[in-house]
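Written below as structure tokens is the structure these notes are about.
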Amino acid sequence: MSPLFGAAFLWLVAAILWWSGWREESTDDLPGWAVGLFLAIWPLAWLGKVPLTGSLSVNGASVWTLFSIALVSWRLPAARGWTAVCGGLLIGSVAVLAGKLAYIPSGFAPAGSSWAIAALIGWLAALLLRTASEQALAVTVCLFLIAVAHAFARAQSAELPVAVPDEGLLAWWIALFCARLWTAFVKAAGEWVRKGAVKTGGR
């Protein structure tokens, strides 16, 4: 499946979950109308291309996602915003190392490695940061760092594989889904433990 169509599929899953009542589990600190607006405009942006140079363009959904994350970072308190940025840089460093380790043994990245690294990014974001805003900002910073590192490595060696167009957009959705799922799991597990402790203490 093309990364672009994979990202569109994950958007569809997110939209179904959002409008079917998972709002409280999905946002934490984000205004509901803002998430709804992001999801509503995303497929329209997905249909377009934004030219960067005469021969280079990016999908409009990538630009809309970056714009939305910029607004999210602007509304975050400074301390939380910088914490999320630092977390993204740390996670990006781990992800770059993981990608390098996946590539080194045989000279090419094994099938599914990009999905696994995106899932690792989301899991680490959930471990380091609590809210949806912070996790989304950290994931975006992380993927930007990976893109810069890959471009720099490609400039140094022509043996590295060329980056797949729009793969970062798919990785963003995978990482964000993993981060929110892990956060929801930890929250549910904590509530279950607390209820069990209350019942045990009441006996």
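The values are calculated or read from the model by the stated rules, or taken from the named source; none is laboratory data. Note that the structure is a prediction, hence the values are computed from the model and not measured. Because the Cβ atoms are built from the backbone with ideal geometry, glycine has one as well, and the counts that use them run over all protein chains shown. The protein model used for the area step is the full one, side chains on, heavy atoms only, and it has no ligands, DNA or RNA in it. Shrake-Rupley method; radii C 1.70, N 1.55, O 1.52, S 1.80 Å.
Non-local amide H neighbours of SER57 (under 5 Å, H modeled in plane, Pro and chain starts lacking H): which ones?
Hits under the 5 Å cutoff: LEU52.
Over the heavy atoms of TRP123, what accessible area does a 1.4 Å probe trace out, to the nearest 10 Å²?
Around 100 Å² of this residue is reachable by solvent.
Would you mind computing, in nm to one decimal, how far apart the modelled labels at TRP123 and LEU37 are, each placed 7 Å from Cα along Cα→Cβ?
Modelled inter-label distance: 3.6 nm.
Under a crude label model (7 Å from the Cα following the beta-carbon direction), how far is PHE5 from ALA153 in nanometres?
The modelled label-to-label distance comes out at 2.8 nm.
Taking only C-alpha pairs under 8 Å that are 6+ residues apart, what is the relative contact order of region 24-85 in percent?
Averaging sequence separation for qualifying contacts and normalising by length gives 21 percent for region 24-85.
Using a Förster radius of 22 Å, what is the FRET efficiency between LYS187 and SER20 based on their Cβ-Cβ separation? Nearest 0.05, please.
Plugging the Cβ-Cβ distance into 1/(1 + (r/R0)^6) gives 0.70.
For ILE69, ILE41, give the ranking by accessible area with the largest first, probe 1.4 Å.
Ranked list, largest accessible area first: ILE41, ILE69.
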